[in-house]
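The values are calculated or read from the model by the stated rules, or taken from the named source; none is laboratory data. Just so we're clear, the structure is a prediction, and the values are computed from it rather than from any experiment. Heads up, the Cβs are rebuilt from the backbone with ideal geometry, glycines too, and the neighbour counts pull from every protein chain shown.
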Amino acid sequence: MDNRSRTAEQLVIEKHTERLRRGFHLWPGLKQGRPPALGDYRWTADLILSTWLQAETGMPPTNGLEHRVGNSGGGFDRLDFKFFPQDRWLPDTVTIDLSIPLNRRPYDRRIEIPVPFYGAGMSFGSISEPVMRARAQAAQVWKTFTCTGEGGYPESLLAYKDHVITQIATGMFGVREETIQYAPIVEFKYAQGAKPGLGGHLLGDKVTATVATMRESLPWVSLFSPFPFHSVYSVEDHKKHVDWVKTINPEALVSVKVSTPTDIDMVAVGSYYDGAHIVHIDGSYGGTGAAPEIAKKTIAMPIEFALPKVHRCLLQEGIRGEVVLMASGGIRTADDIAKAIALGADGAVLGTTELVALGCTRCGNCERGRGCPFGLCTTDPELSQLVETDWAAERLGKLYQSFQLQLSDILRRLGLSSIRDLVGRTDLLLYRSQEETR
Ligand code: SF4
């Protein structure tokens, strides 16, 4: 075929494909003949498409679309499981237990979730209110949790309050006593893995009158959450925070969200002795398009390194049995969840994955102008209408269903009947070379 018989579109695709083939010769989309117009190394075109598919069907793809790993060349993308030979898989008649506890201390409130994941903190301001409601609705149906993030607690979430974690972060935006009283779990966000040491920012364009009212600030003025909490410079200061929450809501479980500095193991131990029920460590790959790339790539420790370090340290201290260790920061797939657990976590926290399920293309425009063109990371009243709450909640539910199926399948192939038996089983993981993962 010469140039005259090709369409203009074909020529553009071929031109970009050839240019990208030279730079990204391992791109899976290319191997399958698609132009790499979507995604990046971690969130490849295949992963985005397969997440959309799972959100529609409730099943993993059956057409060969890659849905387990990305193409980052390291970490979760190089790890795999040492599955047993088929004759040692657990039969379908054995029930697989995916539930995890969210408190393992002996005297406090028992909360269990039937799947080993819940939704990450994404604030009103960073995401739209219909997306927040959809996440809460899906969490209620699946008896798990979602988290408000640091932008306050919209009244529309009250209908789901038994499944909503409220967050207290360094800016203290929208933190009120009654929202702490609503919450079964209160999360202190000390740092975010995507941008540790940088705090948070919400640019003025997204601070609409509604967002400003929720955050008790002024419309169209940029808001910054400092780093760190200026009231916490030691473990003892953190204890005052926990005591403050416990005074307002004695029933609440306390989660401590931290990024992954090199002494993350000591941070986890200190958090436990100060009364935290959940230690939530957030690795470096997470964050929406609002997190600066330079920070995501170079500051925090990848979650794959941090998890075994914290797990081992808690074991050595003799307190692993009383801590719930949750992992976030780049958990994209059911395989990532299972690998995080095998590395030492009890469960995983999902953020970007949920946005992708709702149509996010990873374009990185979350923080520009009116925000997301698909109505996800926006506060613009018109753009927000692009997401219909019931539709979005159903998609999230379908994604959870697909993850549930895949996690059960992984456990069956490993001969385990409970996800709790996978915790810290690094002996069930293997590291594949670059050649093997091609
Ligand atoms: S599609 Fe929306 S949520 Fe996703 S990266 Fe782009 S702007 Fe952000």
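Filtering the stretch 229-243 to residues that are over 13 Å from Met172 (Cα atoms) and surrounded by fewer than 16 Cβ atoms within 10 Å (Cβ to Cβ) leaves Tyr233, Ser234, Val235, Glu236, Asp237, Lys240, Asp243. Residues in the stretch 157-180 that are modelled with pLDDT of 95 or more and out of contact with any strand residue (DSSP E or B) (no Cβ under 9 Å at 6 or more places or on another chain): 3 in all. A single member of Lys246, Lys257 is surrounded by fewer than 19 Cβ atoms within 10 Å (Cβ to Cβ) and out of contact with any Gly (no Cβ under 6 Å at 6 or more places or on another chain), and it is Lys246.
Highlighted here are the helices (runs of 4 or more DSSP H) found entirely within the stretch 322-438 that include at least 2 residues which are buried (at least 16 other Cβ atoms within 10 Å of the Cβ): 334-342, 352-357, 381-384, 389-413. Of the strands (runs of 3 or more DSSP E) contained entirely in the stretch 154-266, those carrying at least 2 residues that are free of Cβ contacts under 8 Å to residues at least 60 places away in the same chain fall at 164-169. Here Leu98 fulfils each of the conditions (1) surrounded by fewer than 22 Cβ atoms within 10 Å (Cβ to Cβ); (2) at pLDDT below 95; (3) in contact with a Pro (Cβ under 7 Å, 6 or more places away or on another chain) apart from (2).
Matching residues to (1) in contact with a strand residue (DSSP E or B) (Cβ under 6 Å, 6 or more places away or on another chain); (2) among the aliphatic types (A, V, I, L, M); (3) within 16 Å of the ligand (Cβ to nearest atom):
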{"site": "Glu317", "(1), (2), (3)": "no, no, no"}
{"site": "Ala327", "(1), (2), (3)": "yes, yes, no"}
{"site": "Asp335", "(1), (2), (3)": "no, no, no"}
{"site": "Lys339", "(1), (2), (3)": "yes, no, no"}
{"site": "Leu343", "(1), (2), (3)": "no, yes, no"}
{"site": "Gly347", "(1), (2), (3)": "yes, no, no"}
{"site": "Leu358", "(1), (2), (3)": "no, yes, yes"}
{"site": "Thr361", "(1), (2), (3)": "no, no, yes"}
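Take the residues in the stretch 301-320 that are assigned to a helix (DSSP H, G or I) and β-branched (Val, Ile, Thr); name whichever of them is surrounded by the most Cβ atoms within 10 Å (Cβ to Cβ). Of everything passing the filter in the stretch 301-320, Ile303 is surrounded by the most Cβ atoms within 10 Å (Cβ to Cβ).
Table: residues versus (1) within 28 Å of Ser271 (Cα to Cα); (2) away from the ligand (no atom under 16 Å from the Cβ); (3) surrounded by 16 or more Cβ atoms within 10 Å (Cβ to Cβ).
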position	(1), (2), (3)
Gly74	no, yes, no
Arg78	no, yes, yes
Phe84	no, yes, no
Val94	no, yes, no
Arg104	yes, yes, yes
Tyr153	yes, yes, yes
Asp162	yes, yes, no
Ala169	yes, yes, yes
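Restricting to the stretch 83-127, give me the number of residues that are assigned to a loop (DSSP other than H, G, I, E, B) and within 25 Å of the chain's Cα centre (by Cα). Of the residues in that region, 18 qualify.
Tallying residues that are in contact with a Ser or Thr (Cβ under 8 Å, 6 or more places away or on another chain) and in contact (Cβ under 8 Å) with a residue 60 or more places away in the chain within the stretch 373-399 yields 12.
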